[in-house]
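One structure is given here, and the rest of the page talks about it.
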Amino acid sequence: RSFGAMTLSQFLGAFNDNAFKQVIVLLATAVAAGAGPGEAMGWVTSHPMGGGLPSWLSAQAIPPFLFSLPFVLFGPLTGSLADRVSKSRIIQVANFLEIVVMGVATLAFWLTDYGVLLGAVFLMGTQSAIFGPSKYGCIKAMVDRKGTRLNSSHKPISYAVFCLKKKKQESEHK
């Protein structure tokens, strides 16, 4: 109902998604760097998706793939759902699902089960795919028309400033 609450929810969700995904990628990196079965990462290396992959498939590519897959699989469905059901209700349910998924991830760490951890990555992507369309649909209802235009112009302006700053740095180094 409030733009500030939704922004806070989005910030915390994005931080949680990225921090969790980064931890899993770092686990895969430790395995790729040679952490063996007798070391602390043994529970990852002993899993087929951790240490037993063919040389052409990187263990570091699996977590981002599993996180992104639900957006492709469920994107049209979650977009349609956001059009038919109360967006605020979907956001509430998605935030609850985030807590449940992080509980599953915590359990996976406690059980040292890399397969369940990868499943939690997929579920986290699914939760984000559910949250996204409703979040963007609520923005229009929460701010007036002028605010929506300002919100949508923020990204191109930021990109232009970045490009100009980069151009200035390059000209200073010549």
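Descriptive notes on the structure:
- Among the numbered conditions (1) part of a helix (DSSP H, G or I); (2) at pLDDT below 85; (3) open to solvent by 40 Å² or more (accessible area, probe 1.4 Å), the only one that Phe74 does not meet is (2).
- Top-ranked residue in the range 113-127 [being assigned to a helix (DSSP H, G or I) and at pLDDT below 90; ranked as most open to solvent (accessible area, probe 1.4 Å)]: Val116
- Qualifying residue in the range 96-112 (condition: modelled with pLDDT of 90 or more, surrounded by 12 or more Cβ atoms within 10 Å (Cβ to Cβ) and within 18 Å of Ala5 (Cβ to Cβ)): yes
- Of all residues making up the range 94-112, the number that are assigned to a helix (DSSP H, G or I) and on the phi > 0 side of the Ramachandran plot: 0
The values are calculated or read from the model by the stated rules, or taken from the named source; none is laboratory data. Everything quoted here is computed from the prediction, not taken from an experiment. No Cβ is skipped: glycine too gets one built from the backbone with ideal geometry, and neighbour counts run over all protein chains shown. Areas reflect the complete protein model, heavy atoms only, side chains present, ligands, DNA and RNA absent. Shrake-Rupley method; radii C 1.70, N 1.55, O 1.52, S 1.80 Å.
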